[in-house]
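Notes to accompany the following structure.
The values are calculated or read from the model by the stated rules, or taken from the named source; none is laboratory data. What you see is a predicted model, and the numbers here were worked out from it, not measured in a lab. Backbone-built Cβ (ideal geometry, glycine too); neighbour counts: all protein chains shown.
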Amino acid sequence: MNSKDEASIIMGFIMIVIIALLFLIMHSVDNAKWNNGVCSCGGRYVYEQSVGHRYTSSHIYKCDKCGKIIELDSIKNQEVEDDEYKR
Ligand SMILES: [Zn+2]
């Protein structure tokens, strides 16, 4: 193994760590926005539609009380709150 191989292995490892961190950040941002499906006005977020981007897709939710729109990277299910963690 030469030093070039080692460098590419290290780069690959760094990339994996960065992607994992980005995923975690996106997930926590999602959860903060989602706020267990409760809007700051006290209404519930209702699923509106999914929007496809080039590499990802977002899911639009709208508050049933004030009409505030949030965009999430993952689908949230109000009926089965813990479903995400069981999978
Ligand atoms: Zn609201």
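Figures for the structure shown
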read-out: Search result, residues across the range 15-59 that are farther than 16 Å from Lys76 by Cα and of a type in the set (Lys, Arg); value: Arg54
read-out: Failed criterion for Gln78 (all others in (1) surrounded by 10 or more Cβ atoms within 10 Å (Cβ to Cβ); (2) at pLDDT 90 or above; (3) not basic (Lys, Arg) hold); value: (2)
read-out: Count of residues meeting criterion [of a type in the set (Phe, Trp, Tyr) and loosely packed, with under 11 Cβ neighbours inside 10 Å] in the range 48-72; value: 1
read-out: Scan of the range 7-45 for residues that are surrounded by fewer than 13 Cβ atoms within 10 Å (Cβ to Cβ) and within 16 Å of the ligand (Cβ to nearest atom), ordered by number; value: Ala32, Asn35, Asn36, Ser40, Cys41, Gly42
